[in-house]
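Novice: Attaching a single structure in structure tokens format; questions to follow.
The values are calculated or read from the model by the stated rules, or taken from the named source; none is laboratory data. This is a predicted model, so every value here is computed, not measured. Note that we place each Cβ from the backbone using ideal geometry, even for glycine, and neighbour counts take in every protein chain shown. Keep in mind that these areas ignore ligands, DNA and RNA; they rest on the heavy atoms of the full protein, side chains included. Shrake-Rupley method; radii C 1.70, N 1.55, O 1.52, S 1.80 Å.
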Amino acid sequence: MRPILLQGHTRSLTQIKYNAEGDLLFSVSKDHVVNVWYSHNGERLGTYNGHVGAIWSVAVNSTSTLLITGSADNSAKLWEVRTGKCLHTWEFKTAVKRVAFSEDDSMILAVTEQRMGYPGSVVILSLNQDIDAKQSDEPITTIHPEGSKAMVADWGYLNKYIITGHENGTISQYDWKTGNLIQSIQPHTAEITDLQMSEDRTYFITSSKDKSAQIFESNTLSPLKKYVTDAPLNSASITPVQEFVILGGGQEAMHVTTTGARQGKFECRFWHKILEEEVGRVKGHFGPINTISVHPSGQSFSSGGEDGYVRVHHFDQDYFKFKYPDL
């Protein structure tokens, strides 16, 4: 499994995302630039320029026509994927930490930072699919989570609700129409760093600074599986073909100079989704892994690190033939 190294960022990666077909990979980092790459060969297709702060999050719609980014410059921007043109900018009072399209692409959510006296919020905005149409600045709903601030969020299946992950390890489910809290649990003991849905959105995986990743059912928030590692985790992703989850993280960036690559635990870890056992690791990054994304067809996965590189790994044929001995 030889990785393709993508060198297009000068600062650490914050999020990477495949489009629905998997032929494009979008990457954002703290260097204000959005890059798009061909995932099969790592060729850079172009950049989206316009943000003036670190970009925390990126999402692409199901038809790969529209892209949304959330940034520390207190804005979320809508882009035309094909041309790189900025179609609309939504302004907020604080940084936008996470963005996501609803399942039918008719809405977007933006998680804003709690800072300077402003409460953190999850803002729901309607989206017009027409590239030439004017977008509305008026939110459908603004949710202000009680207590700990939301760090990550995504849509449940069929846009029924929104699921948020919080700084204190809480996971909450909200009715986006009313902004009301439906239910809440606290399965993690530290900040939730990532939340990724399964293909059909009926379950999701979270990663946390408490060194664990967990899988929950979307409807009931029932915990299904738990993967306990030896390092703080920044990202977790579910593979669609084999029964694996891929976890990434590593020691905090500020302590990295004091440790070698091995002690820092900068590997992508493969765990068996059902049996909760670690089955392998992929080395490569020279710092913590901040974000992991799996190709929609399961043929490859990518990781983005504090070292400013994106590594695209295409699986060998052996991977698809792999059978776990215990099953």
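Novice: Pairs of alpha-carbon atoms within less than 8 angstrom and 6+ residues apart define the contacts here; what relative contact order does the chain have, in percent?
Specialist: 13 percent
Novice: A further question follows. Can you give me the % of accessible surface on region 1-93 that is carbon or sulfur? Probe 1.4 Å, all protein chains present, nothing else counted.
Specialist: After summing per-atom areas, the C and S share lands at 47 percent.
Novice: Here is a follow-up. Could you give each residue of region 111-119 its phi-based ³J(HN,Hα) in whole Hz, using Karplus coefficients 6.51, -1.76, 1.60 with θ = phi - 60°, and x for Gly or Pro?
Specialist: Result, rounded to whole Hz: 9, 9, 6, 8, 6, 6, x, 8, x.
Novice: Using helices alone, I'd like the mean residue ellipticity at 222 nm for the chain: each DSSP H run of four-plus residues gives -39500 (n - 2.57), total over residue count, nearest 500.
Specialist: So the calculated ellipticity at 222 nm is -500 deg cm²/dmol.
Novice: If you put +1 on each Lys and Arg Cβ and -1 on each Asp and Glu Cβ, how big is the dipole of region 1-128 around its Cα centre, in Debye rounded to 20?
Specialist: Computed about the Cα centre, the dipole is about 420 debye.
Novice: Next question, about the same structure. Sorting H40, H295 by accessible area (1.4 Å probe), largest first, what list results?
Specialist: H40, H295
Novice: Taking loop as defined by DSSP and a crowding limit of 12 other beta carbons within 10 Å, which GluC sites (Glu not before Pro) in region 99-168 fit?
Specialist: Within region 99-168, the qualifying GluC sites (Glu not before Pro) (loop, at most 12 other Cβ atoms within 10 Å) are E146.
Novice: Still on this structure, I have one more. List, in order, the whole-Hz ³J(HN,Hα) value for each residue of region 65-74 obtained from phi through the Karplus relation with A = 6.51, B = -1.76, C = 1.60 and θ = phi - 60°; use x for Gly and Pro.
Specialist: After applying 6.51 cos²θ - 1.76 cosθ + 1.60, I find 9, 10, 10, 10, 10, x, 9, 6, 7, 6 Hz.
Novice: Positive end of the charge dipole of region 1-124 (Lys, Arg +1 and Asp, Glu -1 on Cβ, about the Cα centre): tell me which of S102, G53, Q15 has its Cα farthest that way.
Specialist: Farthest towards the positive pole: G53.
Novice: At a Cα cut-off below 26 Å, give the lysines reachable from K149, other chains included and same-chain residues fewer than 8 away excluded.
Specialist: K17, K30, K77, K93, K97, K160, K177, K209, K211, K225, K226
Novice: Per the Kirkwood treatment, what hydrodynamic radius in Å, one decimal, follows for the chain from the mean inverse distance over all distinct Cα pairs?
Specialist: It is 19.6 Å.
Novice: Check V152: other-chain or 5+ apart residues with amide H under 5 Å from its amide H, H built from backbone geometry?
Specialist: G165
Novice: While we're looking at this one, here's another question. I'd like the Karplus ³J(HN,Hα) series for region 216-224: coefficients 6.51, -1.76, 1.60, θ = phi - 60°, whole numbers in Hz, and an x wherever there's a Gly or Pro.
Specialist: After applying 6.51 cos²θ - 1.76 cosθ + 1.60, I find 10, 7, 5, 5, 9, 6, 5, x, 10 Hz.
Novice: Go through 154-162, 201-209 and give me the packing order, highest mean Cβ count within 10 Å leading.
Specialist: Highest to lowest by the protection proxy: 201-209, 154-162.
Novice: Sort 181-190, 213-222, 313-322 by the packing proxy (mean of other Cβ within 10 Å over each peptide's residues), most packed first.
Specialist: Going from most to least packed, we get 213-222, 181-190, 313-322.
Novice: With no solvent and one point on each alpha carbon, what is the Debye value of log10 I(q)/I(0) for region 73-181 at q = 0.16, 0.21 Å⁻¹?
Specialist: Result of the Debye calculation: -0.70, -1.15.
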